[in-house]
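Colleague: Got a structure for you, written out below as structure tokens; questions coming shortly.
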Amino acid sequence: MTIPEPPLPAVPAEAPPKAPSWWRRNRLALIAVAILLPATVIAVGGQNWRLIYAFDARPINPIVVEKKDSAELAGATFGPVRSGVIEDLSGLDVPEGAKVIAAAIPVDSGTEGVSCLRPTLTHQASGRQWTLMRSEIGVEYNAEEPEFCSSEETGSYEIIAPFVVPEDLEGPFWVDLWPQGVGGTFLRFPIDP
């Protein structure tokens, strides 16, 4: 009987090189994300902040013009405002239970012209606002009676602004007009048709 030879000790094989960690493999992408993500958040957030809170982003500072008075702003003279309820609604597309309040705002834009947004109507007691409804109720465009002021139009003209409000709503109201280029300042004309 032969004695078997003892087994030879295992020769350690060379271990394969260890792969770099996930962090090391993706370090360039992680650096790009670390730089671009905050930059994107700052850029988008800054733009949205400017649209909402910047000085000229929305009208925040009213100049209340007394009845039968006019006001000068942005190099133009506005007012005095006339208003009334339109009784004859034939030919107009006005919903049932509504009335139309129209305001005429004289503008003297001088030789430079002035630009402004469409006027809004604000109920003084509740603060509720209505936007101008001209073409929506079927009033055709008329170059002689614009619905906003344009810097291309110089001289004197009248903005005609019809608003559709609930029939049982009582005044007084404000007609708000915001000329551009004056920051958050706007004109507020009281009316009680």
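Colleague: If a residue has to be more than 23 Å from the chain's Cα centre (by Cα), open to solvent by 20 Å² or more (accessible area, probe 1.4 Å) and hydrophobic (A, V, I, L, M, F, W, C) to count, how many in segment 143-193 make the cut?
Modeller: 2
Colleague: For segment 65-91, what are the residues that are open to solvent by 80 Å² or more (accessible area, probe 1.4 Å), under 18 Å from ILE191 (Cβ atoms) and either in a loop (DSSP other than H, G, I, E, B) or among the hydrophobic types (A, V, I, L, M, F, W, C) (or both)?
Modeller: GLU66, LYS67, LYS68, GLU87
Matching residues to (1) polar (S, T, N, Q); (2) more than 17 Å from PRO59 (Cβ to Cβ):
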position	(1), (2)
GLY91	no, yes
ARG118	no, no
SER126	yes, yes
THR131	yes, no
SER135	yes, yes
VAL165	no, yes
PRO179	no, no
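Colleague: Which members of segment 120-133 meet the condition of being hydroxyl-bearing (Ser, Thr, Tyr) and in a loop (DSSP other than H, G, I, E, B)?
Modeller: Residue satisfying the conditions is SER126 alone.
Colleague: Criterion first (surrounded by 10 or more Cβ atoms within 10 Å (Cβ to Cβ) and touching a residue at least 24 places away in the same chain (Cβ under 8 Å)) does VAL41 satisfy it?
Modeller: Answer is no for this residue.
Colleague: Right, here's the next one. Within segment 44-57, does at least one residue satisfy the condition of being in contact (Cβ under 8 Å) with a residue 12 or more places away in the chain and open to solvent by less than 100 Å² (accessible area, probe 1.4 Å)?
Modeller: Within segment 44-57 (the criterion being in contact (Cβ under 8 Å) with a residue 12 or more places away in the chain and open to solvent by less than 100 Å² (accessible area, probe 1.4 Å)), the answer is yes, since at least one residue qualifies.
Colleague: Here's a follow-up. Given (1) of a type outside the set (A, V, I, L, M, F, W, C); (2) modelled with pLDDT of 90 or more; (3) under 30 Å from ILE105 (Cβ atoms), where does THR40 come up short, assuming only one miss?
Modeller: Evaluating THR40 over (1) of a type outside the set (A, V, I, L, M, F, W, C); (2) modelled with pLDDT of 90 or more; (3) under 30 Å from ILE105 (Cβ atoms) leaves (3) as the failure.
Colleague: Sticking with this one: Between a residue in segment 155-171 that is more than 15 Å from TYR141 (Cα to Cα) and any residue that is of a type in the set (Phe, Trp, Tyr) and surrounded by 15 or more Cβ atoms within 10 Å (Cβ to Cβ), which pairs come within a Cβ distance under 9 Å, given they are 6 or more apart or on different chains?
Modeller: Once the first residue is more than 15 Å from TYR141 (Cα to Cα) and sits in segment 155-171, its partners that are of a type in the set (Phe, Trp, Tyr) and surrounded by 15 or more Cβ atoms within 10 Å (Cβ to Cβ) give PHE163/TRP130; PHE163/PHE173; VAL164/TRP130; VAL165/TRP130; VAL165/PHE173.
Colleague: Suppose the filter is within 25 Å of ASP192 (Cα to Cα), at pLDDT 85 or above and either outside any helix (DSSP H, G or I) or not basic (Lys, Arg) (or both); does GLY45 pass it?
Modeller: Spelling it out, it is not the case that GLY45 is within 25 Å of ASP192 (Cα to Cα), at pLDDT 85 or above and either outside any helix (DSSP H, G or I) or not basic (Lys, Arg) (or both).
Colleague: I would also like to ask the following. From VAL94, VAL107, VAL100, grab the single residue that is surrounded by 15 or more Cβ atoms within 10 Å (Cβ to Cβ) and in a loop (DSSP other than H, G, I, E, B).
Modeller: VAL94
The values are calculated or read from the model by the stated rules, or taken from the named source; none is laboratory data. Computed from a prediction, not measured in an experiment: that's the story for all the values here. We place every Cβ from the backbone using ideal geometry, glycine too, and count neighbours over all the protein chains shown. Keep in mind that these areas ignore ligands, DNA and RNA; they rest on the heavy atoms of the full protein, side chains included. Shrake-Rupley method; radii C 1.70, N 1.55, O 1.52, S 1.80 Å.
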